[in-house]
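Report on the structure given below.
The values are calculated or read from the model by the stated rules, or taken from the named source; none is laboratory data. Bear in mind the structure is a predicted one, so any value in this text is a computation, not a measurement. As a convention, Cβ positions derive from the backbone with ideal geometry for all residues, glycine included, and neighbour counts pool all protein chains shown. The protein model used for the area step is the full one, side chains on, heavy atoms only, and it has no ligands, DNA or RNA in it. Shrake-Rupley method; radii C 1.70, N 1.55, O 1.52, S 1.80 Å.
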Amino acid sequence: MVTLTIDGRQFRAEEGQTILEVARDNGIDIPALCYNEGVEPYGACRLCLVEISKNGQTRLVASCLYPVEEGLVVNTASERVLANRRMLVELLLARCSRVKLIEDLARKLGVDKPSFRPEYLENEECILCGLCVRACREVVGTSAISLVNRGVNRQVAPPFLETAPDCIGCGSCAFVCPTNCIKMEDRDGTRVIHNWNVEFKLQKCKVCGNYFAPEKQLEYIRNKLNLPEGFFDTCPNCR
Ligand code: SF4
Ligand code: SF4
């Protein structure tokens with residue numbers, strides 16, 4: 001165990017925990033758009049930055065990546081932290097001017113509108129947090145999509161910006177996306193994920209007749225867990 005100070009209060013924490021985890025466990029709100037407990041932290045959005053003091057020196061670090069240390073002093077809302085967060089949210093607002101999550105965060109930080117708004121960035125919905133890519137790789141295990149290109153052309157995409165042959169249609173990427181910009185729909189026995197240009201036939205339950213999951217996803221799970229043929233003939237409710 002280590003003892004650290006966050007915003008003037010002392011906390012005991014497990015070694016290996018990050019500042020963000022300890023802060024959130026103790027009700028201290030630090031914004032973090034690219035963070036999800038289910039996947040490895042990545043530090044993409046940088047909004048979770050905090051000021052740490054150690055050996056008489058202070059610096060800004062991404063709290064989702066920085067592990068707690070004995071005697072660490074953390075300030076989650078110093079003037080320096082807030083000024084940097086405002087700048088980051090202004091950049092996000094310039095890119096995603098109509099994403100409610102970003103608008104709400106900007107308002108909370110006192111940012112009305114970005115001081116610039118280049119045409120080529122306006123009205124994007126993806127904040128490039130990479131959560132979809134990490135969920136696909138780490139949780140699902142398929143790596144069907146990735147972050148590609150640099151600068152203003154950075155985007156999440158299937159291979160060669162075409163289709164995602166390794167996608168199993170599980171929808172985990174859409175589930176974790178904080179801005180809901182991954183468009184997935186189930187209709188007439190088919191699941192379509194528009195962002196990755198993929199389409200899947202859904203499995204129909206042999207008992208109730210409801211469609212419940214993409215056949216490709218069920219086949220993937222069946223092979224991975226070595227389940228018998230016909231295991232997914234019925235849906236979880238009828239099993
Ligand atoms: S739906 Fe496709 S891209 Fe999304 S997490 Fe599942 S396998 Fe990956
Ligand atoms: S599509 Fe969603 S989850 Fe993926 S990087 Fe963009 S905002 Fe994040």
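Tabulated data for the structure shown
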quantity: Filtered residues of region 202-230 (kept if open to solvent by less than 80 Å² (accessible area, probe 1.4 Å) and under 20 Å from Val192 (Cβ atoms)); calculated: Leu202, Gln203, Phe212, Ala213, Pro214, Glu215, Gln217, Leu218, Tyr220
quantity: Matching residues, region 133-171, being under 19 Å from Asn223 (Cα atoms), open to solvent by less than 50 Å² (accessible area, probe 1.4 Å) and in a helix (DSSP H, G or I); calculated: Cys136, Val140
quantity: Residue within region 45-65 that is within 16 Å of ligand 2 (Cβ to nearest atom), closer than 18 Å to Pro178 by Cβ, open to solvent by less than 30 Å² (accessible area, probe 1.4 Å) and of a type in the set (S, T, N, Q) present; calculated: no
quantity: Filter result for Cys129 (out of contact with any helix residue (DSSP H, G or I) (no Cβ under 8 Å at 6 or more places or on another chain) and either at pLDDT 95 or above or crowded, with 19+ Cβ neighbours inside 10 Å (or both)); calculated: yes
quantity: Failed criterion for Tyr42 (all others in (1) out of contact with any Cys (no Cβ under 8 Å at 6 or more places or on another chain); (2) of a type in the set (Phe, Trp, Tyr); (3) open to solvent by 80 Å² or more (accessible area, probe 1.4 Å) hold); calculated: (1)
quantity: Check on Phe175, assigned to a helix (DSSP H, G or I), of a type outside the set (Lys, Arg), open to solvent by 20 Å² or more (accessible area, probe 1.4 Å) and within 11 Å of ligand 1 (Cβ to nearest atom); calculated: yes
quantity: Of all residues making up region 205-224, the number that are within 16 Å of ligand 1 (Cβ to nearest atom) and in contact with a Phe, Trp or Tyr (Cβ under 9 Å, 6 or more places away or on another chain); calculated: 10
quantity: Strands (runs of 3 or more DSSP E) wholly inside region 17-104 that include at least 2 residues being touching a helix residue (DSSP H, G or I) at 6+ places or on another chain (Cβ under 6 Å) and without any contact (Cβ under 8 Å) to a residue 12 or more places away in the chain; calculated: none
quantity: Filter result for the condition that a residue is among the hydrophobic types (A, V, I, L, M, F, W, C), away from ligand 1 (no atom under 14 Å from the Cβ) and outside any helix (DSSP H, G or I), over Leu202, Leu227; calculated: Leu227
quantity: The listed residue being on the phi < 0 side of the Ramachandran plot, open to solvent by 50 Å² or more (accessible area, probe 1.4 Å) and among the aliphatic types (A, V, I, L, M), out of Leu91, Leu82; calculated: Leu91
quantity: Residue identified as more than 25 Å from Leu101 (Cα to Cα) and in contact with a Pro (Cβ under 8 Å, 6 or more places away or on another chain) among Ile168, Ile145; calculated: Ile168
